[in-house]
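Asks: I have a structure I would like to understand better, so I am pasting it below and will then ask my questions one at a time.
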């Protein structure tokens, strides 16, 4: 849910207007993942005495709107308490999750007025409806991953597809989506499909297809500006977490991108050479 910086028919305490100046509304939301559930610890605080009294009198309440585009999950969680918790099943969230937090009205009110309103409003009263937004905090994002162990399965963020264009290259890749899509020419894709059935050849295919793509991407995300364009991509979040688990900081790393890529994928070269040796021994 993207908050629009629009004019409301009544004053709203927000970070983008001075309807209710010199006071603020701040929230925090801490997600914790269990085996199959996300537990969210929510907290809200406002220095606006008028709004706080509205919540105490149950004329308003705190609200957190959770939205995940990839799973189409949308729900609002509310409470009259400034600290509360709620749960969401892990399989209902995946990838980018947008969080918006509010104070919303719980009833119609034709006499809405706060002492903290901007002086320009004078003694004017406003009409608000149940569910109307009275305060807004900055929207935030977190990244959910419902894979069992995404940090150990870098190949899971890759997808290999055929490229049927007349000018198809032997191999190319696109990293603009949630997965890194590797496209192969029709002939190479048929070979890949045939070889991928053999589990013993998986390390070899990783070395031939995944590692070159990783090397190129690692070069791209070394710069902060380049990394920002991938921030919303699930594959980027998985790689970033894997780098963190390996204590690798791309900005200060002395290893080459080839070495880093092999560390991320689990040294496929050594396993590939061993697989080739096994094939020769079997022959």
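The values are calculated or read from the model by the stated rules, or taken from the named source; none is laboratory data. Nothing here was measured: the structure is a model prediction, and the numbers come from that model. All Cβ positions, glycine included, derive from the backbone under ideal geometry; neighbour counts span all protein chains shown.
Asks: Looking at (1) at pLDDT 85 or above; (2) surrounded by fewer than 18 Cβ atoms within 10 Å (Cβ to Cβ); (3) touching a strand residue (DSSP E or B) at 6+ places or on another chain (Cβ under 9 Å), which one does residue 249 not meet, given that it meets all the others?
Replies: Of (1) at pLDDT 85 or above; (2) surrounded by fewer than 18 Cβ atoms within 10 Å (Cβ to Cβ); (3) touching a strand residue (DSSP E or B) at 6+ places or on another chain (Cβ under 9 Å), only one is false for residue 249: (3).
Asks: May I pose another question? State which residue is surrounded by the fewest Cβ atoms within 10 Å (Cβ to Cβ) when the search covers only segment 13-32 and only residues that are part of a loop (DSSP other than H, G, I, E, B) and touching a strand residue (DSSP E or B) at 6+ places or on another chain (Cβ under 6 Å). Let's see the steps before the verdict.
Replies: Of the residues in segment 13-32, the ones part of a loop (DSSP other than H, G, I, E, B) are 14-24.
Those still in the list that are touching a strand residue (DSSP E or B) at 6+ places or on another chain (Cβ under 6 Å) too: 14, 20.
On the way: 14: 21, 20: 24.
The residue in question is 14.
Asks: Within segment 36-45, is there a residue that is assigned by TED's automatic domain parsing to the domain that holds residue 120, exposed (fewer than 14 other Cβ atoms within 10 Å of the Cβ), part of a loop (DSSP other than H, G, I, E, B) and at pLDDT 95 or above?
Replies: No - not one qualifying residue is present in segment 36-45.
Results for (1) outside the structural domain of residue 104 (by TED's automatic domain parsing); (2) part of a helix (DSSP H, G or I); (3) at pLDDT below 90; (4) surrounded by 18 or more Cβ atoms within 10 Å (Cβ to Cβ), shown as yes or no for each residue.
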{"residue": "134", "(1), (2), (3), (4)": "no, no, no, yes"}
{"residue": "138", "(1), (2), (3), (4)": "no, no, no, no"}
{"residue": "159", "(1), (2), (3), (4)": "yes, no, yes, no"}
{"residue": "164", "(1), (2), (3), (4)": "yes, no, no, no"}
{"residue": "172", "(1), (2), (3), (4)": "yes, no, no, no"}
{"residue": "182", "(1), (2), (3), (4)": "yes, no, no, yes"}
{"residue": "187", "(1), (2), (3), (4)": "yes, yes, no, no"}
{"residue": "191", "(1), (2), (3), (4)": "yes, yes, no, no"}
{"residue": "226", "(1), (2), (3), (4)": "yes, yes, yes, no"}
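Asks: One residue is enough: does segment 91-109 have a residue meeting the conditions surrounded by fewer than 14 Cβ atoms within 10 Å (Cβ to Cβ), in a strand (DSSP E or B) and in the same structural domain as residue 51 (by TED's automatic domain parsing)? If you could, list the steps in order and put the result at the bottom.
Replies: The first filter runs over segment 91-109 and keeps only residues surrounded by fewer than 14 Cβ atoms within 10 Å (Cβ to Cβ), leaving 91, 107-108.
If we keep only those that are in a strand (DSSP E or B) as well, we get none.
Taking every residue of segment 91-109 in turn, none turns out to be surrounded by fewer than 14 Cβ atoms within 10 Å (Cβ to Cβ), in a strand (DSSP E or B) and in the same structural domain as residue 51 (by TED's automatic domain parsing).
Asks: Another question, if that's okay. Touching a residue at least 24 places away in the same chain (Cβ under 8 Å) and assigned to a strand (DSSP E or B) - does that describe any residue in segment 110-118?
Replies: Scanning segment 110-118 turns up at least one residue that is touching a residue at least 24 places away in the same chain (Cβ under 8 Å) and assigned to a strand (DSSP E or B).
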